[in-house]
Amino acid sequence: DYSLLGSSLLWLYTGWTSLGSLAGETKNNKVLLHGMTSALTLNVSVYVMALIAALTVAKQGEWDDGYFVTCFNRIIPGIGPYFGAVVALTALTLLISVITCYSR
């Protein structure tokens, strides 16, 4: 499904669009490069680990919106609502950082 792929790629790109605003805040280019490298490494690592963990318990034809909550609730029973709350909090902090960077 190409529309889902496009949406996912666009969502993954969202946080990286504010790098221009952040670059103006650093005095040393190496600090920005080190921060970007660290963030990219952590981002890819956590994404791949979460995807592998979810795919170990996923059932064929069951994948849908919000399915990570279902998968992690199968891995650790009862964690589903907390996982959903953390995802909502993460989306809120992403929104706040975007508003902060673009309101200048």
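Listing for the model above:
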item	result
Per residue accessible area of the stretch 25-104, 1.4 Å probe, in Å²	78
Karplus (6.51, -1.76, 1.60) ³J(HN,Hα), θ = phi - 60°, over the stretch 55-62, in Hz, Gly and Pro reported as x	5, 6, 10, 5, 10, 4, x, 9
Ranked by how many other beta carbons lie within 10 Å on average, peptides 66-78, 44-56 from highest	66-78, 44-56
The stretch 52-93 and the stretch 28-45: distance between their alpha carbon centers, rounded to Å	27
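The values are calculated or read from the model by the stated rules, or taken from the named source; none is laboratory data. It should be emphasised that the depicted structure is a prediction, and the values quoted were computed from it without experimental measurement. All Cβ positions, glycine included, derive from the backbone under ideal geometry; neighbour counts span all protein chains shown. Keep in mind that these areas ignore ligands, DNA and RNA; they rest on the heavy atoms of the full protein, side chains included. Shrake-Rupley method; radii C 1.70, N 1.55, O 1.52, S 1.80 Å.
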